[in-house]
Amino acid sequence: MPRRSEVTSVLVLGSGPVDPGAETDRAGARACRVLKAEGLRVILVDSDPAAITTGAGFADATYVEPVTLDVVEHIIAAERPDALLTTVGGRTALDTAVALHESGVLARHGVELIGADLDAIRVGGNREDFERIVRGAGGAVARAVACDTLEQCHAAAAELGYPVFVRTSSTTGRSGFAGDERQLSAVLGTGPGAHRVLIEESALGRREFALELLRDRDDDVIVVCSMENVDPVGAHPGDSIAVAPAMTPTGREGRRMREVATAVVRAIGVAGRCTVRFTVDPRTGHAIVAGATLHASRAGAFAATATGLPITEIATRLALGHTLDELPDAVTGETAFGPGAEHVAVRASRFAFDGFPTADAGPTARTEPVGEAVAIGRSFPEALNKALRALGEDGGSFSWAGPPGDPDASVAASWRPTGARVDAVHRAIRAGAAVADLAAATGIHPWFLDQVRRIEEVARAVAGRDGATRPTLQLAKRHGLSDARIGELRGLGEDEVRALRRSLGIRPGYRAVDRRAAESTARYSSYGGEPGAPRSAAPKVVILGSGPTRFGQGAEFDHTCAHASAALAAAGYETVVVDGDPRAATVDPGTGHRHYLEPLTVEDVLEVVAAEQATGEVVDVLVQLGGQTPLALAARLAAAGVPVVGVSPAAIDLAGDLGALSTEVGLPTPAGGTATSFAQAKAVADELGYPVLVRPSHVPGGRGAEIAHDERALAASFERAAAGSGRPVRVDRFLAGAIEVDVDALYDGRELYLGGVMEHVEEVGGHSGGSACTLPPVTLGHADVVRIRESTRALAHRIGVRGPLNVRYALAAGVLHVVEVYPGAGRTVPFAAAATGVPLAAAAARVALGSGIAELRAEGLLPAAGDAGTPPPDAAIAVRQAVSRWSRSRTPDGDRADAHHRAGAVMGIGATFGVAYAKAQAAARTPLPVVGRVFVSVANRDKRAVIFPVKALVDAGFEVLATAATAQVLHRGGVAVTVVRAPGDGPDGEPSIVDRVLAGEVDLVVSTSSGRHDGSEVRAAATRRGVPCVTTVQGLAATVQGIEAVSRGHAVVTPLREHLGGPSGGVTVPSRLPSSAEAGRHLVGVAVDRPR
């Protein structure tokens, strides 16, 4: 039946900061495309400037604002949408939808929930209601006891027997495994809190499965994809290697799961997609329903990638009232659903505990990887090896370097479910461990262990006498072994193996993931498949994506690649993207012509380029847009004859050698030197004085940079910077108190365009991604910007870059120092584009391929005059705030990181800096309080500077708490202050500041101290409790401005186009300040300025 005609406009809520993944952004982009294609008006709200949907063309009205109850309420009042799509913005959108209903907003404005209605959301979010639904559908759930107190929790655990699983009745609450009373107390903390706690019997050791389903309003349901985790229950399902389709269920188990999942989805009543998760007892086959997800998720993104089906598009149309039997396949025009049986997809996760040396890498109930890769092959071994290869940077997966070690030790090491478990399993098999022993130790199904054993058998054949013959090499490639690993086994170089393989005619073919979709879907390589690319007369451009997300390289680069691909396609190029991230927006057919789900290694990229060159002209391989991963491939690709334009390998090398570059250009850099040994590094540091900045000397983009405050820290930082680089380590003077500036620019060989000049809120640090920044700059003068423009032009010209360029400066004592030069698109490009309204990614791609700045101005892609260095006097202020992963990491410290350990970013925009900063903090889920208690503990160097900001907080109505030393200074400055005990000080029994923070008695923490007792413990407590934590004096000044702006009602909510100079006027909804009953009291007051 046709869609419902009464729905003419739809509000789409984004998920805010990307953490842990970008699957919601990809889903939102696809949903917006469908809604627009259906002729509906689309209103989008998202605070992430890197979201694809914040670019032009996705929505009729785009709000880059916090996704919170009050903000969305005002947007609804101004925009009057007919419906709210709840299922593409993750948990954030679902929780906001429930809050809008409970506050009466939806009823007051006649807004209907589509996709998942209120009852469905509540079932998905309330464990007790969900269990009732499952039992009614004939399924089983784990035994559980609902508890309201600590005593009840311990009694329930004793009754069920340890280990137990702890979860709040809300799916957003605290959860975790507990093996004994001590661990249970650690998980529960101070108690159940606002949500009832469920103590469940543990599912540890059970096999895990998931089914992706679609349901329409006629109650028809189809199972789109089955998935299975290689690891048994023990870590979060998102942490495990996963495979689609599921490999090990018996026919009876599979039928039972499909029947129960279908009944559950019908009982929940979702119109669209739903992921139902199961655990199965490996001894009895008894299945338990573990949960259901109603929104875009990692499992859903994997299912869409594995099947090639447009699941989000279908689900969006189902939410609008279409039915399954009438929906044509989005590509072929045929009504057909269901995955093919010609391939296997494997998802592997990328962890980054190296960024948190004190973190525990063991199992938790929360997903911990920062990124993931999906690979597809004709067999599980082929897909597994490709997926593991896609996670790393050395072109390999399993390694055969060195002896395998003791089999018993390897079996023991494989017991713990960490990111390195699969390597431990392989080492154990190499060492001769039996599959049965490994299965008993790990709980991994023997079928998967047999596949690893089969890979080892093939590797031994490669290492043997006939290893260089065509049959053996063909077998190795069909099992996913890379050229690098074959070379390792044969004692040959990777290039030698490639030449041998090609001389024997062993080349990959490429298949569409969905065989019915012909040219427009994602493609994958397989040895034994037909060759790949369709013939084309249009010039081709291959864009290398960023691969699996990691700290410092994430969704921002996906945004850049996606918008660049779409722009080049519009300009007449045939665009081809290579990226193995299943959540990448470049998978969307709307962003280009083809997407290869392949690892970003020299071998895999060369084969894709060769396949494309066989059917048309490849004019360029763009390495400048996807971050450091593709940039690192440039030299070897160019040496192999691949056309790499825009930036040459020599330019990349020169940009990485900042000392030589700055000398040639005549620009100052921080004093320092290089070292090849710790003794040399210590000598440089002793001469400069601590603190010093330590980083690899030849790595652009700030990667690996750390601040060392003493000799011990220097030793650790030097070791990390030197590891595996083969190059000297750079030790520079740390420019304390300097103003840090990030610049995104375009250079066409003659003219420079400043895309963004961003001033950092906090002092210069190790990685530019860790601090908030503002655009346009707030305190830089015209002369400063002129110097920045001239310096950036000189650097771009000397490097020889054509296209995007990112430069990091530090302004200290009137001297502009060059800190870093990155010859590609920086991570701030999406923010600069959103803040200025200029499609920088599209322009960067065009310039890289030869267009001039003047040409793009004439086309209208760039402004006819001026750039970000010459903003109008009334330009809106935008603030980019990095979102920390502290609250999700298991490190006990909440200190500001030197290296970039942030998982995403948000943006606030307003007429003043204070408004923009307050919005950014709210969007980052640490909204600023407008009244309450502030705790202050600062280092000696900051005590003079902290008095006036704290006085401003007192004037705003805050009560001040401080440790004794800080309190003394504040008291002398005329500030009324209450002394509180630091951890480990004072009489036992008196609550310390950590106790008071954890108890919810503190609304804001200001802590710049470096000592353990009143520094990191307090910051860690604030992180756990969700209390805003300020760690620098500059950050405190910004916080005060934000609080003052909100308190005075200056925050307004406006569509992005109006911030950037579009139409304005109409009514203003007054801001709502917190009432006295809303103690604690965060950013809730906003107003909307929208034409009616």
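The values are calculated or read from the model by the stated rules, or taken from the named source; none is laboratory data. Please read these numbers as outputs of a predicted model, since none were measured by experiment. A quick note on method: Cβ atoms are made from the backbone with ideal geometry, for glycine too, and the neighbour counts reach across all protein chains shown.
The residue of segment 1047-1073 that is modelled with the highest pLDDT, among those that are outside any strand (DSSP E or B), within 30 Å of Phe958 (Cα to Cα) and under 31 Å from the mean Cα position of the chain (by Cα), is Thr1054.
Where strands (runs of 3 or more DSSP E) fall wholly inside segment 764-834, the ranges with 1 or more residues that are farther than 20 Å from Leu654 by Cα, within 26 Å of the chain's Cα centre (by Cα) and among the hydrophobic types (A, V, I, L, M, F, W, C) are 773-775. Residues in segment 443-496 that are in a helix (DSSP H, G or I), more than 30 Å from Asp281 (Cβ to Cβ) and touching a helix residue (DSSP H, G or I) at 6+ places or on another chain (Cβ under 7 Å): 18 in all.
Of the residues Val134, Val123, Val166, the single one that is surrounded by 22 or more Cβ atoms within 10 Å (Cβ to Cβ), aliphatic (A, V, I, L, M) and either modelled with pLDDT of 90 or more or under 30 Å from Gly837 (Cα atoms) (or both) is Val134.
Is there a residue being out of contact with any Gly (no Cβ under 6 Å at 6 or more places or on another chain), part of a loop (DSSP other than H, G, I, E, B) and buried (at least 24 other Cβ atoms within 10 Å of the Cβ) anywhere in segment 111-120? Yes - at least one qualifying residue is present in segment 111-120. Number of residues in segment 593-613 that are within 13 Å of Ala522 (Cα to Cα) and of a type outside the set (A, V, I, L, M) equals 5.
Comparison of Val197, Val264 shows that the only residue that is without any contact (Cβ under 8 Å) to a residue 60 or more places away in the chain and over 30 Å from Ser414 (Cα atoms) is Val197. Annotation note: of Ala299, Ala292, Ala263, the sole residue that is under 18 Å from Asp117 (Cβ atoms) and either hydroxyl-bearing (Ser, Thr, Tyr) or not in a loop (DSSP other than H, G, I, E, B) (or both) is Ala292. Checking each residue in segment 712-755 for being assigned to a helix (DSSP H, G or I) and crowded, with 22+ Cβ neighbours inside 10 Å picks out Leu714, Ser717, Phe718, Ala721.
Matching residues to (1) surrounded by fewer than 24 Cβ atoms within 10 Å (Cβ to Cβ); (2) free of Cβ contacts under 8 Å to residues at least 24 places away in the same chain; (3) in contact with a helix residue (DSSP H, G or I) (Cβ under 7 Å, 6 or more places away or on another chain):
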| residue | (1), (2), (3) |
| --- | --- |
| Ala37 | yes, yes, no |
| Leu40 | yes, no, no |
| Gly57 | yes, yes, no |
| Asp82 | yes, no, no |
| Leu85 | no, no, yes |
| Gly89 | no, no, yes |
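Checked against the criterion of being out of contact with any Phe, Trp or Tyr (no Cβ under 9 Å at 6 or more places or on another chain) and modelled with pLDDT under 95, the candidates Gln968, Gln881 yield just one match: Gln968.
When each of Met257, Met227 is tested for being touching a Leu at 6+ places or on another chain (Cβ under 9 Å), in a strand (DSSP E or B) and outside the structural domain of Leu94 (by TED's automatic domain parsing), the lone residue that passes is Met227.
I'd like the full set of residues that are at pLDDT 85 or above and buried (at least 23 other Cβ atoms within 10 Å of the Cβ), limited to segment 519-543. If the condition is that a residue be at pLDDT 85 or above and buried (at least 23 other Cβ atoms within 10 Å of the Cβ), then Arg523, Tyr524, Ser525, Ser526, Lys540, Val541, Val542, Ile543 are the ones that fit.
The set of residues in segment 633-672 that are within 15 Å of Val807 (Cα to Cα), part of a helix (DSSP H, G or I) and hydrophobic (A, V, I, L, M, F, W, C) comprises Ala651, Ile652, Leu654, Ala655, Leu658, Leu661, Val665. Can you find even one residue in segment 773-788 that is under 28 Å from Val644 (Cα atoms) and at pLDDT below 95? Within segment 773-788, not a single residue is under 28 Å from Val644 (Cα atoms) and at pLDDT below 95.
Among the residues of this structure, Gly405 counts as one that is over 30 Å from Pro163 (Cα atoms), modelled with pLDDT under 90 and not in a helix (DSSP H, G or I). Give the number of residues within segment 129-161 that are in a helix (DSSP H, G or I) and touching a Lys or Arg at 6+ places or on another chain (Cβ under 8 Å). Residues that pass the stated criteria total 2. In segment 978-994 there is at least one residue that is buried (at least 18 other Cβ atoms within 10 Å of the Cβ) and part of a helix (DSSP H, G or I).
Within segment 726-766, the set of residues being among the small types (Gly, Ala, Ser) and at pLDDT below 85 comprises Gly726, Ala736, Gly737, Gly765, Gly766.
Restricting Thr828, Thr870, Thr836 to residues that are buried (at least 24 other Cβ atoms within 10 Å of the Cβ) and closer than 18 Å to Leu775 by Cβ narrows the list to Thr828. Name the residue that is farthest from Val621 (Cα to Cα), counting only residues in segment 794-806 that are crowded, with 24+ Cβ neighbours inside 10 Å and hydrophobic (A, V, I, L, M, F, W, C). Checking each candidate, the answer is Leu795. For segment 312-331, the criterion of being more than 30 Å from Ile114 (Cα to Cα) and either assigned by TED's automatic domain parsing to the domain that holds Leu84 or at pLDDT 90 or above (or both) is met by no residue.
Would you point out the residue of segment 289-307, among those that are out of contact with any Gly (no Cβ under 8 Å at 6 or more places or on another chain) and closer than 14 Å to Ala203 by Cα, that is surrounded by the fewest Cβ atoms within 10 Å (Cβ to Cβ)? Here the answer is Gly291. Exactly one residue out of Asp450, Asp437, Asp466 is at pLDDT 95 or above and either surrounded by fewer than 22 Cβ atoms within 10 Å (Cβ to Cβ) or hydroxyl-bearing (Ser, Thr, Tyr) (or both), and it is Asp450. Across segment 609-632, the qualifying residues are those that are part of a loop (DSSP other than H, G, I, E, B) and small (Gly, Ala, Ser), and the one among them that is nearest to Ala484 (Cα to Cα) is Ala632. The residues of segment 606-633 that are closer than 26 Å to Ala537 by Cα and of a type in the set (Gly, Ala, Ser), listed by number, are Ala610, Ala611, Ala614, Gly616. Counting only residues that are in contact with a strand residue (DSSP E or B) (Cβ under 6 Å, 6 or more places away or on another chain) and among the small types (Gly, Ala, Ser), segment 260-285 holds 1 of them.
The listed residues are Asp1003, Asp955, Asp942, Asp985, and the only one of them that is within 32 Å of the chain's Cα centre (by Cα) and assigned by TED's automatic domain parsing to the domain that holds Ala1045 turns out to be Asp1003.
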